[in-house]
Each structure stands twice: as structure tokens, then as C-alpha cells.
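Peer 1: Okay, here's the structure, questions in a sec.
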Amino acid sequence: MNVKYLVSSVALALAFAPAATAQKPKAPPTPVTPPAGPSITLDAKPSIIIFSGVTTLSGRLGGPKAGSVGLRLFRDTTRPYGDSYRFAGKTATTDRNGRYSFAVKPLVNTSYRVVASTTPPVTSPARLVLVRIKVGIRVSDRTPRRGSLVRFYGSVFPAHDGRTVSIQRRTRSGSFRTVVRTRLRDAGTTKSTYSRRLRIYRDGVYRVKVAADGDHANGLSSLKSIDVHG
């Protein structure tokens with residue numbers, strides 16, 4: 001056999017044969033997830049209240065060592081909300097599961113947030129609570145004769161002297177249409193009053209509305225039914 005040919009064949013086979021000592025590439029190291037830091041939630045139920053009502057602010061502190069952590073409540077009552085938070089005078093402590101709650105009675109639209117005394121301190125998202133103007137409604141006669149004058153009157157809290165009062169009637173579609181307007185009158189430091197006569201010709205369901213301002217959401221009275229006869 002030709003020795004030169006034999007040597008060439010062996011060399012070619014070795015060149016294409018897998019290396020016996022080849023090693024598989026190393027898998028990349030598994031990234032280490034750092035432990036989750038503290039976080040805190042905040043909710044308000046209900047988020048819209050009627051003036052003099054109470055709402056509950058609650059949430060949960062997450063992360064390690066969430067139990068028995070001190071909390072402070074802050075509020076901002078000036079639009080645009082977010083740059084004038086001040087301590088609301090209320091503190092709380094989380095339970096062993098990190099949960100907490102505050103009962104509050106805002107008198108105007110108020111944005112709240114909670115700060116937990118963790119290291120470093122952690123602040124909740126803001127939560128806005130709207131306060132509706134409280135509107136009362138009374139009528140002088142709920143069963144008037146057709147074409148009679150009926151007086152609508154009531155008190156509004158807090159005082160909004162001079163603001164427009166809209167007396168509204170429910171339409172067939174279920175919406176409300178304003179039928180007459182009047183003004184709120186001075187009745188002291190805590191409330192305003194209104195009074196307006198309206199001639200009634202047919203049955204209807206009525207309410208009174210005081211529009212929102214910078215401090216309060218729309219005020220809506222309860223519904224009052226009037227049944228005409230004669």
C-alpha cells in the first residue's frame with residue numbers, strides 16, 4: 001500500500017472527527033433576584049361621599065417585615081393635588097399581615113397618601129376622595145291639584161351662598177331636565193337655604209342639584225315624587 005496515501009487518509013479522518021476532549025459550553029449563571037423591597041397600597045371606600053360622611057382608607061404594606069410598622073396619613077386639599085401634602089394628624093400600625101385602615105371625614109375634596117416608617121420610608125400612591133355638597137329637598141304639597149303652585153325648599157351644606165340651585169324633573173328617558181333655577185340664600189355660617197314655587201300640571205319625579213365648585217363635587221338631593229289630581 002502506498003504509505004503516502006495511507007498517511008493522508010488518516011489525517012483527513014482525524015480532521016473531520018469530533019474532538020474527544022471537546023467540552024460543552026457552560027450555561028450562563030442564573031441571575032439572582034434581589035429581595036422585594038417594601039411597597040404600600042391605598043384605597044378609599046367609598047371614594048365619593050356626601051358632606052359630613054365618612055370614608056375608610058385602607059391598604060397593605062408588602063415586603064419583608066410588614067407587620068407592626070408605623071404609618072402616617074397625609075392630605076392635600078388644594079388643586080392641583082400633589083404638591084401640598086400635609087400631615088393629617090392620624091397614625092396607625094400595620095397588623096401582622098401588613099394591613100391597615102384609617103377612618104376619615106373630609107369636608108372638601110381631598111387627596112390622601114400614606115407613608116410607612118420602613119427603611120427607607122415608602123409612600124403609597126395618591127387616592128382622591130370627592131365630597132358632594134349635601135342638598136335637602138322638601139315640597140309643600142306632594143298631591144297638589146293640577147295647576148297648583150308647589151314650593152320646593154331645603155338646606156344645603158356647607159354654606160354656598162349665592163350659588164345656583166337647579167330644580168329638575170325626570171324625563172321619560174330617565175335623565176333629568178332643569179325646569180327652574182333659583183339662588184342659595186344666607187342661613188348662617190354652616191348652611192345655605194333655597195325656596196322656589198313651581199306650578200305643577202302633571203305627575204313627576206323631582207330632584208335639586210347644586211353644581212360642583214373647586215372644593216366639592218355636584219350636590220344632588222334625594223328624589224321627590226309629586227302626584228297630581230283633579
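Bear in mind these aren't lab numbers, they're just calculated from the coordinates by the rules spelled out. Note that this is a predicted model, so its numbers are computed, not measured. Neighbour counts run over all protein chains shown; Cβ positions are idealised from the backbone, glycine included.
Peer 1: Filter segment 42-76 down to residues that are surrounded by 16 or more Cβ atoms within 10 Å (Cβ to Cβ) and outside any strand (DSSP E or B) and give me whichever is nearest to the chain's Cα centre (by Cα).
Peer 2: Leu42
Peer 1: Can I ask one more? Only residues that are hydrophobic (A, V, I, L, M, F, W, C) and under 21 Å from Ala159 (Cα atoms): list them for segment 112-138, please.
Peer 2: Going through segment 112-138, the residues hydrophobic (A, V, I, L, M, F, W, C) turn out to be 114-116, 122, 126, 128-131, 133, 135, 137.
Matches in segment 112-138: Val129, Leu130, Val131, Ile133, Val135, Ile137.
Peer 1: Further, regarding this structure: With the requirement that a residue be of a type outside the set (A, V, I, L, M, F, W, C), buried (at least 16 other Cβ atoms within 10 Å of the Cβ) and not in a loop (DSSP other than H, G, I, E, B), what does segment 205-225 give you?
Peer 2: So the first thing to find is which residues in segment 205-225 are of a type outside the set (A, V, I, L, M, F, W, C), and the list is 206-207, 209, 213-216, 218-219, 221-222, 224-225.
Add one more test, that the residue is buried (at least 16 other Cβ atoms within 10 Å of the Cβ), and what stays is 206-207, 209, 215-216, 219, 221, 224.
Scanning segment 205-225 gives Tyr206, Arg207, Lys209, Gly219, Lys224.
Peer 1: Taking Leu130, is it in contact (Cβ under 8 Å) with a residue 24 or more places away in the chain, under 13 Å from Thr41 (Cα atoms) and either buried (at least 18 other Cβ atoms within 10 Å of the Cβ) or touching a Leu at 6+ places or on another chain (Cβ under 6 Å) (or both)? Give the steps one after another, and end with the answer.
Peer 2: On the way: in contact (Cβ under 8 Å) with a residue 24 or more places away in the chain: yes; under 13 Å from Thr41 (Cα atoms): no; either buried (at least 18 other Cβ atoms within 10 Å of the Cβ) or touching a Leu at 6+ places or on another chain (Cβ under 6 Å) (or both): yes.
No: the conditions fail for Leu130.
Peer 1: Ok, one more. For a quick check of your reading of the model, give me the residue pairs whose first member lies in segment 149-166 and is assigned to a loop (DSSP other than H, G, I, E, B), whose second is surrounded by fewer than 17 Cβ atoms within 10 Å (Cβ to Cβ) and of a type in the set (S, T, N, Q), with beta-carbon atoms closer than 8 Å and at least 6 apart or on different chains.
Peer 2: As it stands, the answer is Pro158/Thr190; Ala159/Thr189; Ala159/Thr190, since those pairs meet every condition given.
Peer 1: Quick one: how many residues across segment 77-104 are in contact (Cβ under 8 Å) with a residue 40 or more places away in the chain and part of a strand (DSSP E or B)?
Peer 2: 6
Peer 1: Right, another one. For segment 133-148: of the residues being part of a strand (DSSP E or B) and among the charged types (D, E, K, R), which is surrounded by the fewest Cβ atoms within 10 Å (Cβ to Cβ)?
Peer 2: Step one: of segment 133-148, the residues part of a strand (DSSP E or B) are 134-135, 138-139, 145, 148.
Filter once more, so that each one left must be among the charged types (D, E, K, R): 134, 138, 145.
On the way: Lys134: 21, Arg138: 14, Arg145: 10.
Among those residues, the one meeting the criterion is Arg145.
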